[in-house]
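S.K.: Mind looking over this structure? Questions follow.
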Amino acid sequence: MSEAYRCGLVAVVGRPNVGKSTLVNAMVGFKVSIVAAKPQTTRHRITGVLTRPHGQIVFVDTPGLHDASGYAINRQLNRAARSALSDAQVVALVVDAQRWKTEDENALEAAIQIGCPVVLVLNKVDRIADKASLLPAIATLSRRHAFAALVPVSASKRDGLDLLERTLLALLPEGEPIFGPDDVTDRSERFVISELVREQLVRQLHAELPYSTTVEIEAIKREKRVLKIAATVWVERDGQKAIVLGAGGEQIKRIGTFARREIERQFEERVFLQLHVKVREHWSDDEAALRQFGYAE
């Protein structure tokens, strides 16, 4: 008797900067979510699809659930994360194997309210030299909730992912695949490109990065085997614009170079990328601006 085909949505949740996007990318085998060593890099609900002969896991990467809710964009991040939870058949709660914080507790409470199985994913175990020291932590965490499973992994090293895949598939309901066998995400080309540009803003500006930046793709066209892209980097103040541009425009050139290389790597095409920097005051606290920039879920 053949094994029943299983398919469903797995919401990947947790506090900011615990490796949710790195985990989804590693499971799918394609960069569907941008990654940087900064909290709140993920700002959208992003779907990554893993298809196997016996099942399909639709991962939904989410913004990190966090306490801050003063700005409209922060409220939107929390709405996107909680929306993903409401649709899930399984929740993968990602935590740092060495640290449990108040925001981890908030993410767990949100997951429990849905009423579906919760798998606790203990990430970054590669940073623990003495693996035996994990046992007390696992015992402590087990008392917080009746988890369907606890799976130690290292998303960055791709350790433990096979076990996590088997664990999640076993918990999903029987059903037909939602996406085609070659699909890796439901996001558009325009969205993916805007995120790859924003990734380089985060990476290249480091501590100087104004968090109030976003990227809008103005135009995309293919001419003579070249993907031509015009994009705008939006900031909220003239001082932020100066940071993004850099002295003599050198910073934005550097950002553009790295973004172009990453877009070429992902799309396997030659790319011409043109970036502009513009100011729109208080866009991160403006619901209309959030809708324009694609943050309304």
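S.K.: Note down the relative contact order for region 189-292 as a percent, whole number, built from C-alpha pairs under 8 angstrom at least six residues apart.
M.R.: Working: 153 pairs, mean separation 31.3, N = 104.
With pairs under 8 Å counted, the relative contact order is 30 percent.
S.K.: At S133 and A4, where each label point lies 7 Å from the Cα along Cα→Cβ, what is the point-to-point distance in nanometres?
M.R.: Spacing of the two 7 Å Cα→Cβ label points: 4.3 nm.
S.K.: Please report the orientation-averaged projected area of region 189-292, defined via the convex hull of its C-alpha atoms, in nm². Display every interim value, and only then the final one.
M.R.: On the way: hull surface 25.7 nm².
That works out to 6.4 nm², a quarter of the Cα hull's surface.
S.K.: Got a sec to turn the phi values of region 285-293 into Karplus ³J(HN,Hα) couplings, 6.51 cos²θ - 1.76 cosθ + 1.60 with θ = phi - 60°, whole Hz, x for Gly and Pro?
M.R.: 10, 10, 4, 5, 5, 4, 5, 4, 8
Read-outs throughout are calculated quantities, based only on the coordinates presented, and are distinct from any laboratory measurement. Everything numeric here is computed off the predicted structure, so don't read it as measured data. No Cβ is skipped: glycine too gets one built from the backbone with ideal geometry, and neighbour counts run over all protein chains shown.
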